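Here's the structure, in structure tokens; my notes come after.
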Amino acid sequence: MPLVKINDLSKTFHTANGDVHALKNIDLSIEQGDIFGIIGLSGAGKSTLVRCINFLEIPTEGTVYFEGKDLKSLTHKELLKARQSMGMIFQSFNLLEQRTAIKNVCFPLEIAGVNKKDAEKRARELLKIVELEDREKSYPSQLSGGQKQRVAIARALSTNPKVLLCDEATSALDPNTTRSILALLKEINETMGVTVIIITHEMSVIEQICNKVAVIDKSRIVEVGSVKDIFANPKSDMAKQLIIPQNIVHSLENYSTMRIIFDGLSSYEPVIANLIMECRVPANIMYANTKDVNGVAAGEMIIQIPVDSVDKVSGYFERIGIKYKEEM
């Protein structure tokens, strides 16, 4: 049974200027232990979707199941309890400025009725996990952006959630800090068994830690699958736009453009060098980008070859098991 299952979910906002259809007919299934990415451009509906998962936004239509329970069928008290199993972190950290790091982490426990001594013990354990045990008395104004996000992660973990919802959690951070926060989230997933759902507009975030990804475009899910498969062979226009740089190919007379798709089995081989030697074909590399996705190489390369060599090169790729597409 999926930890989170979304069936035919839609969300419409009624505004003075008319209805805004933020989500349309969303279907998703997220398994226990996934690090599941949801990626799209600004305005695509990503943040609305993550807020529908924990019913901070009530869907206009459709159903959200959490641990097999239909959230819309729960009483208010039952929904609050379910939300305790869904930690959430935000782009802007959302820390309470008048509280120290440890008091911020304690806050959800106070709301849950945990006594002060037990709450502080739990908070210290979590601050140690996020490597901030020496900053428990620091206020948010005394912390860097990465440290603030670590406090926010500790706070989100305080109620022992089964899923961590991350809404653009690294967008305000520099690249090095982003990598450290993503590494921390992956460690939490592996050591604590917490399922992670990451909302982002950055493909680099997806490739670093996610095992599955859904691509959202204009309020709809247009593609979903393993990160490896979607990186290797994006099918939707939006996935291609996010993965493959645009306007990189310039047509040459009497040359054909081919896109080579690396699937993790072949990307470490000298494919182009072998192609040139075996087929005796000049190959012009227009673009190359392979990525390490969870230890497996994936990505694409775009080459141009003489038109009269296409059949020979296609046969070579088919024989050695390389996926390819001839581009117009």
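Only the coordinates and a few stated rules stand behind these numbers; no lab work does. Quantities reported herein were computed from a predicted structural model and do not represent experimental measurements. Every residue, glycine among them, receives a Cβ derived from its backbone with ideal geometry; neighbour counts consider all protein chains shown.
How would the range 4-233 be classified by its alpha-carbon gyration tensor: rounded, prolate or oblate, with rounded meaning a/c under 1.5 and the a/b versus b/c comparison settling the rest? Note, shape of the range 4-233 comes out prolate. Protection proxy ranking of 274-280, 216-222, by the mean of other Cβ atoms within 10 Å over each peptide's residues and highest first, is 216-222, 274-280.
Taking the chain as a Gaussian network, Cα atoms linked when under 10 Å apart, which of ILE272, ILE153, ILE206 shows the biggest mean-square fluctuation? Checking each option, the largest mean-square fluctuation is seen for ILE272. Ranked for footprinting exposure by Cβ neighbours inside 10 Å, fewest first, MET258, MET286 give MET286, MET258.
Where is the GNM fluctuation largest for the chain (alpha-carbon springs, 10 angstrom cutoff): HIS201, HIS21, HIS76? In this elastic network of the chain, the residue with the biggest mean-square fluctuation among HIS201, HIS21, HIS76 is HIS76. Near LEU95, once Lys and Arg are set to +1 and Asp and Glu to -1 for all other residues with Cβ below 9 Å from its Cβ, the sum equals +2. To the nearest Å, what is the center-to-center distance of the range 165-203 and the range 230-245, using C-alpha atoms only? The two parts, judged by their Cα centres, are 22 Å apart. Using the Cβ-Cβ distance between GLU187 and ASP308 with R0 = 41 Å, the FRET efficiency computed as 1/(1 + (r/R0)^6) comes to roughly 0.15. Sorted on the mean count of surrounding Cβ atoms within 10 Å across their residues, most packed first, peptides 29-41, 89-101 read 29-41, 89-101.
Taking every DSSP beta bridge that has both ends in the chain, the antiparallel portion is near 70%. For the peptides 47-60, 136-149, the ranking by mean Cβ contacts within 10 Å, running from highest to lowest, is 47-60, 136-149.
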